[in-house]
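The values are calculated or read from the model by the stated rules, or taken from the named source; none is laboratory data. What you see is a predicted model; the values in this text were computed from it and never measured. Heads up, the Cβs are rebuilt from the backbone with ideal geometry, glycines too, and the neighbour counts pull from every protein chain shown. The protein model used for the area step is the full one, side chains on, heavy atoms only, and it has no ligands, DNA or RNA in it. Shrake-Rupley method; radii C 1.70, N 1.55, O 1.52, S 1.80 Å.
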Amino acid sequence: MSDEPVVEPVETTAEGGEEEPEKRPDGLDLARSLTRATAKMPAQKAGTRKKRRTRLDNATRRGTVSGARPDDRDPQMIESVVSRMVDDHGWDTSLRVHGVMARWADIVGEEIADHTTPESYADGKLSVRTDSTAWATQLKLLAPTLVKRLNEELGHGTVLIIEVLGPHLPSWKKGPRGLRDGRGPRDTYG
């Protein structure tokens with residue numbers, strides 16, 4: 001017996017088509033069908049063959065190849081991710097200012113903190129609300145000292161000015177119409 005495979009003749013049907021040969025365990029029937037299919041395909045011109053992209057080529061093109069060294073896609077500590085996000089978005093100063101507002105009593109002292117509340121910060125201006133006009137006057141006198149102390153906490157030049165706001169008082173204006181430059185409420189209690 002020889003080692004060469006036995007070629008089986010392909011039988012034709014009455015319609016002139018080929019009948020499928022029986023399936024062989026060695027895969028010879030599959031090889032024959034692939035050979036016939038490629039023989040019927042039109043030939044490509046030399047040099048026009050498309051480069052076949054593999055999954056690795058696509059990943060390299062997108063920059064998502066994982067290597068032996070750590071990169072941004074590896075699991076990371078939440079602290080490093082949050083600090084990078086804060087730096088990327090420029091939230092550093094805003095977070096420090098909000099931290100100062102949360103620690104207002106520790107920075108300015110208990111007595112001042114009992115009568116004042118920081119409200120907002122924008123473009124170097126910190127707005128502080130007082131609970132009385134007397135404390136508004138006192139805070140205006142203490143403003144340069146507070147600016148210096150706040151800049152020690154936040155970094156030089158973060159707070160440029162403190163805007164002192166008086167207490168929220170009731171409005172005496174009633175109705176849709178009012179007088180501009182009017183004299184306002186008078187002592188009508190006798």
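Numbers below:
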| item | result |
| --- | --- |
| Filtered residues of region 94-132 (kept if in a strand (DSSP E or B), over 14 Å from Val147 (Cβ atoms) and under 26 Å from the mean Cα position of the chain (by Cα)) | Ser120, Ala122 |
| Selected residue [in contact with a Leu (Cβ under 9 Å, 6 or more places away or on another chain), β-branched (Val, Ile, Thr) and at pLDDT 90 or above] from Val86, Val128 | Val128 |
| Gly47 exposed (fewer than 10 other Cβ atoms within 10 Å of the Cβ), at pLDDT 60 or above and in a loop (DSSP other than H, G, I, E, B) | no |
| Leading residue by the ranking (nearest to Ile161 (Cα to Cα)) among those in region 64-93 that are assigned to a helix (DSSP H, G or I) and among the hydrophobic types (A, V, I, L, M, F, W, C) | Val86 |
| Single residue of region 122-131 satisfying the filter (touching a strand residue (DSSP E or B) at 6+ places or on another chain (Cβ under 9 Å) and open to solvent by 60 Å² or more (accessible area, probe 1.4 Å)) that is nearest to Ile161 (Cα to Cα) | Lys125 |
| Tabulated pairs, region 154-181, first within 24 Å of Lys140 (Cβ to Cβ) and open to solvent by less than 100 Å² (accessible area, probe 1.4 Å), second assigned to a loop (DSSP other than H, G, I, E, B) and at pLDDT 75 or above, C-beta under 9 angstrom, 6+ apart or interchain | Gly157/Gly124; Thr158/Gly124; Val159/Gly124; Ile161/Gly124; Gly166/Ser132; Pro167/Asp131; Pro167/Ser132 |
| Filtered residues of region 152-181 (kept if modelled with pLDDT under 90 and either under 22 Å from Ala105 (Cβ atoms) or acidic (Asp, Glu) (or both)) | Glu152, Glu153, Leu154, Gly155, Thr158, Val159, Gly166, Pro167, His168, Asp181 |
| Pairs where the first residue, in region 83-100, is touching a residue at least 12 places away in the same chain (Cβ under 8 Å) and the second is open to solvent by 80 Å² or more (accessible area, probe 1.4 Å), C-beta under 6 Å, 6+ apart | Val100/Glu153 |
